[in-house]
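Below is one structure, written out as structure tokens; comments come after it.
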Amino acid sequence: MFDLEPSEDQKLMVQTARELAKNEMDPAAHDADEAAKLPADFLKKSWELGLACAAIPEKYNGASMERSAVTGAMILEELGAGDLSMAIAMLAPSLVAYPVLDYGTDLQKEIVLRACTGSEFPKLTAALMEPVYDFDPTALRTTAIRSGTNYVLNGVKTLVPNGSTADSFLVYARVGGTGFDNVQAFFVQRTVPGVTVSEKEKNMGINALDTVTLTLENVGVAPDTRVGGAKGIDFERIMSYSRVAQSALALGVARKAYEHSVTYAMERKTWGQPIATRQAIAFMIADMRIELDAARLLVWEAAWHLDKGRKATKESYLAKMVVDEMVLKVTDDSVMVMGGHGFIRENPVERWLRNGRGFATFDGLAMV
Amino acid sequence: MINFQHGDSLNNLAAAVEQIARDHMRPFTRAVDEKEHELNPDSYINTMYEVLKMTGGAMNSPVMGAKEGGEKKRRTGNITSVVFIEKMAWGDCGMYLATPMPLLGGAAVGSAGTPEQKQKFLARFREGKPKWAAMAITEPGMGSDSGAVTTTATLEGDEWVINGEKIFVTAGKRAVEDSEGFVVVWASVDRKAGRAGIKAFLVDHHTPGMKVAKLEHKHGIRCSDTAVLVFENCRIPKENLLGSADVKPTGDSKGFKGAMATFDATRPPVAASAVGVGRAAAEYTSEYLAKQGVAPRYGIGRNKLTAVEKDLMMMEAKVKASWLLTLKAAWMSDIGEPNNLEASICKCKSGRDMVWVCQKAVELLGSEGYSRKHLVEKWMRDSKIGDIYEGTQQIQKLVVARRIFGYSREQLA
Ligand SMILES: Cc1cc2nc3c(=O)[nH]c(=O)nc-3n(C[C@H](O)[C@H](O)[C@H](O)COP(=O)(O)OP(=O)(O)OC[C@H]3O[C@@H](n4cnc5c(N)ncnc54)[C@H](O)[C@@H]3O)c2cc1C
């Protein structure tokens, strides 16, 4: 029967994430953005909470939480509301852990999943996006060509989170023609010849997140670096998980901007009355709420399809499409609600707008 | 537990209603639009009435869920009702509004009526010939500001005497002239008391002093009769007052609020009817374009999509988002949660976005979309009413904003 009530477990996880967002992320977000650096110890502290890779089974020393995209979406919304840079950074290990959990060989699971349940923040990340205007996961420009028993990788990846410190990159590359079926994932060590890691990229937003450009020039890797070995991955499903995850982060950013606007509009007065009493502002804020609620249901529904074992390609794609538009509009309106003050960096709304603008281009930056 | 799937029994009912929509609505949809009031969709009306009688009027009157003994008790009436209505409006929204059922009038009796009133006015929908009920609030000089009712009701002995003019009464003629139905009339018992003096009255069919003065000619939903009802010394029994007769001192609007609360139950059904029209247009458009070789490439890089693909996808997404919001609001009623905010959210979004969807449909079919050969132009005309009645888009935003800020209607007007 149709039901939108989260389970007790979900409520508990959401609460944990919400507290992290409220106590550690949001208060530090401005300084982190200005300094273009995560707060010292943030990764360590957040890692200890175990939110990032909670579905790794006990067998690998994991928390064995049920693997649920719906639960993931709920948690990521909270983290997105805390701070986008910090959220993506702390979640980066799951970009590697979950595909390995779902498709990896026993050996890969043994190595990667154990690394993702240790006490240290794992120096693992994934590289999917490419620096072109028409980036398309079904037609990656990065290729992996068979050469004997090995693969040779060529291509350029961008927006690789935590890239400066990563030891190992999960690189998505095309092994044949176009389509999801022709994409496989390979582990590439930082030290392998042909790998170049750029300086930290400078972006419009998510400044505190360390992202790099990864260049692969005739990088040879052994067949056992391919996730899942000969069987490989179901990249279509991985993309659905990723799109749900990113959409959930965007919900968080938008929700934060919405909540800020509500509070501000009730305090700020013009001609002696709170601006919230003016329809131009009140209707704008009502619309924020309407679109936010609508988008959340699309994200949850896509996640629910994944939890039912379906590919959810269409659902996650449409959800992300709607969310990307929504988060831009809501964050833009949140700047408008503050007027000139919204333009000043001391106030968070312009940061949310800069972060919010990114979602339409982001792909593969998070995973549930 | 989060679940986006309905139970088997609802799915079976939904499939049955969809079949009715296909067999008894779609074949007549163009004709009832062109002929406006001249053609009664009788085959549909009679079939539907039998179905409604059989199912005990599953969708007759959405009711608020109740918290019994502090325990939330899950009901299914509201979700069932929106699922039915969405399917019927997908068939034809005008015909849906001409469906013999208690509709909004019934919802009012369902949520505010005494057991005797329910027996007297609702039981009749389970027997005999097709019947309709209507709700008359709007007046020539008053619409969104429903507190400004000028129609009066004066107690004379054992009777209320009603005087005034009501316009835009959906199913007004069918309810009071063509069948043994009834109309709920909003009237003031004390003009000085303002909103607190406004009460709802149950006026039975063919009551002397009430007459149908006119049927409107409309942009869309043409086969639905939209009537002007004139009341001249129309006498009804004293016990036909809905709710309490108390007029609280001016400023206190509890009684009025009670009447307004009906809208929390009826806005999701109106949203559902909007979604049905939007879905019809979205489905038709994608099927039509598929025949021309347009296949939306879900999943590929977004900057590779054509403008048409993007529009098709947005149509689909907006239909779904509106529908999920509608289900959410209905679900909240079913579990007994207050849903004033969510009811207005779903009505606002569905009303507005389904207009966009239908207008897009006309655009995407090119000149063919503008032709009356296809139904998309009709759906576009039908869709606009969802943005207007049961509180316009703007009025829904007012409700949403007031809820968000905790403002009264005086603080945010
Ligand atoms: C086909 C049809 C069927 C109908 N069925 C019924 C029925 O069965 N029973 C019934 O009682 N009524 C019915 N109505 C009436 C309908 O509910 C009203 O038309 C509607 O509520 C708007 O009222 P109005 O037309 O007087 O517009 P107005 O109230 O005059 O509004 C005009 C415009 O001003 C905007 N506006 C008004 N007030 C505000 C405000 N405070 N802030 C911002 N914007 C505002 C409105 O959104 C609208 O855009 C029906 C109408 C139609 C067309």
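The values are calculated or read from the model by the stated rules, or taken from the named source; none is laboratory data. Not measured: the values here are computed from a predicted model. Quick reminder, even Gly has a Cβ in these numbers, built from the backbone with ideal geometry, and neighbours come from all protein chains shown. Side chains included, ligands, DNA and RNA excluded: accessible areas come from the protein's heavy atoms. Shrake-Rupley method; radii C 1.70, N 1.55, O 1.52, S 1.80 Å.
Here B:LYS320 meets the list (1) modelled with pLDDT of 95 or more; (2) touching a helix residue (DSSP H, G or I) at 6+ places or on another chain (Cβ under 6 Å); (3) within 19 Å of A:LEU4 (Cβ to Cβ) almost entirely, failing just condition (2). Restricting attention to segment B:390-406, the residues that are touching a residue at least 12 places away in the same chain (Cβ under 8 Å) and either within 11 Å of the ligand (Cβ to nearest atom) or surrounded by fewer than 21 Cβ atoms within 10 Å (Cβ to Cβ) (or both) add up to 11. Checking the stated criteria, A:SER46 turns out to be among the hydroxyl-bearing types (Ser, Thr, Tyr) and free of Cβ contacts under 8 Å to residues at least 60 places away in the same chain. Just one of (1) open to solvent by 10 Å² or more (accessible area, probe 1.4 Å); (2) closer than 25 Å to A:PRO39 by Cα fails for A:GLY205. It is (1).
B:GLN359 satisfies every condition listed in (1) modelled with pLDDT of 95 or more; (2) over 29 Å from B:VAL308 (Cβ atoms) except (2).
Taken over segment A:252-284, the criterion of being open to solvent by less than 30 Å² (accessible area, probe 1.4 Å) and either in contact with a Pro (Cβ under 8 Å, 6 or more places away or on another chain) or more than 13 Å from chain B (Cβ to nearest Cβ) (or both) is satisfied by A:GLY252, A:VAL253, A:ALA254, A:ALA257, A:ALA265. Mind checking whether some residue in segment A:303-311 is under 24 Å from A:ASP83 (Cβ atoms) and either more than 8 Å from chain B (Cβ to nearest Cβ) or in contact with a helix residue (DSSP H, G or I) (Cβ under 9 Å, 6 or more places away or on another chain) (or both)? Within segment A:303-311, one or more residues are under 24 Å from A:ASP83 (Cβ atoms) and either more than 8 Å from chain B (Cβ to nearest Cβ) or in contact with a helix residue (DSSP H, G or I) (Cβ under 9 Å, 6 or more places away or on another chain) (or both).
Among the residues of segment B:129-169, the ones that are surrounded by fewer than 19 Cβ atoms within 10 Å (Cβ to Cβ), touching a strand residue (DSSP E or B) at 6+ places or on another chain (Cβ under 7 Å) and within 21 Å of B:GLU239 (Cβ to Cβ) come to 6 in all.
All conditions in (1) within 14 Å of chain B (Cβ to nearest Cβ); (2) charged (D, E, K, R); (3) over 16 Å from the mean Cα position of the chain (by Cα) hold for A:ARG237, with the sole exception of (3).
Picking from residues in segment B:173-224 that are among the hydroxyl-bearing types (Ser, Thr, Tyr) and closer than 21 Å to B:PRO237 by Cα, the one that is surrounded by the most Cβ atoms within 10 Å (Cβ to Cβ) is B:SER188.
Quick check on A:SER168: is it open to solvent by 20 Å² or more (accessible area, probe 1.4 Å), at pLDDT 95 or above and of a type in the set (Ser, Thr, Tyr)?
Details: open to solvent by 20 Å² or more (accessible area, probe 1.4 Å): no; at pLDDT 95 or above: yes; of a type in the set (Ser, Thr, Tyr): yes.
No; evaluated as a whole, the condition is false for this residue.
Residue-by-condition table, conditions (1) under 25 Å from B:THR285 (Cβ atoms); (2) among the aliphatic types (A, V, I, L, M):
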site: B:GLU309; (1), (2): yes, no
site: B:SER333; (1), (2): no, no
site: B:VAL355; (1), (2): yes, yes
site: B:LEU364; (1), (2): yes, yes
site: B:ARG381; (1), (2): yes, no
site: B:SER408; (1), (2): no, no
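Scan segment A:171-183 for residues that are closer than 17 Å to A:ASN218 by Cα and buried (at least 23 other Cβ atoms within 10 Å of the Cβ) and the total you get is 3.
A single member of B:MET48, B:MET64 is at pLDDT below 90, within 20 Å of the chain's Cα centre (by Cα), open to solvent by 10 Å² or more (accessible area, probe 1.4 Å) and more than 24 Å from B:MET354 (Cα to Cα), and it is B:MET64. Of all residues in segment B:156-179, those that are more than 13 Å from the ligand (Cβ to nearest atom) and not small (Gly, Ala, Ser) total 9. For segment B:180-204, the set of residues classified as closer than 29 Å to B:TYR49 by Cα and either acidic (Asp, Glu) or away from the ligand (no atom under 16 Å from the Cβ) (or both) consists of B:GLU180, B:ASP204, listed by residue number. Within segment A:1-43, which residues are more than 14 Å from chain B (Cβ to nearest Cβ) and either in contact with a strand residue (DSSP E or B) (Cβ under 8 Å, 6 or more places away or on another chain) or without any contact (Cβ under 8 Å) to a residue 24 or more places away in the chain (or both)? Listed by number, the residues that qualify are A:LEU12, A:GLN15, A:GLU19, A:ASN23, A:PRO27, A:ASP31, A:ALA40, A:ASP41. Out of A:VAL323, A:VAL330, A:VAL349, A:VAL337, one residue alone is within 27 Å of A:PRO131 (Cβ to Cβ), modelled with pLDDT of 95 or more and hydrophobic (A, V, I, L, M, F, W, C). It is A:VAL323. Among residues of segment B:329-344 that are farther than 15 Å from B:VAL270 by Cβ, those with a Cβ under 6 angstrom from a residue that is charged (D, E, K, R) and surrounded by 22 or more Cβ atoms within 10 Å (Cβ to Cβ), sequence gap 6+ or separate chain, pair up as B:MET332/B:GLU342.
Among the residues of segment B:352-389 satisfying the criterion of being away from the ligand (no atom under 16 Å from the Cβ), away from every other protein chain (no Cβ under 14 Å) and among the β-branched types (Val, Ile, Thr), which is most open to solvent (accessible area, probe 1.4 Å)? Among those residues, the one meeting the criterion is B:VAL362.
Within segment B:156-196, count every residue that is assigned to a loop (DSSP other than H, G, I, E, B) and within 24 Å of the chain's Cα centre (by Cα). Walk me through it before giving the result.
Residues of segment B:156-196 assigned to a loop (DSSP other than H, G, I, E, B): B:157-158, B:171, B:179-181, B:189-190.
Next cut, within 24 Å of the chain's Cα centre (by Cα) only: B:171, B:179-181.
Summing the residues that are assigned to a loop (DSSP other than H, G, I, E, B) and within 24 Å of the chain's Cα centre (by Cα) in segment B:156-196 gives 4.
Selection within segment A:309-338: residues that are free of Cβ contacts under 8 Å to residues at least 60 places away in the same chain and over 18 Å from the mean Cα position of the chain (by Cα). The member of this set that is surrounded by the fewest Cβ atoms within 10 Å (Cβ to Cβ) is A:GLY309.
Looking across segment B:326-345, the residues that are buried (at least 24 other Cβ atoms within 10 Å of the Cβ) and farther than 13 Å from B:GLU86 by Cα come down to B:ALA329, B:TRP331, B:SER333, B:ASP334, B:ASN339, B:GLU342, B:ALA343, B:SER344, B:ILE345.
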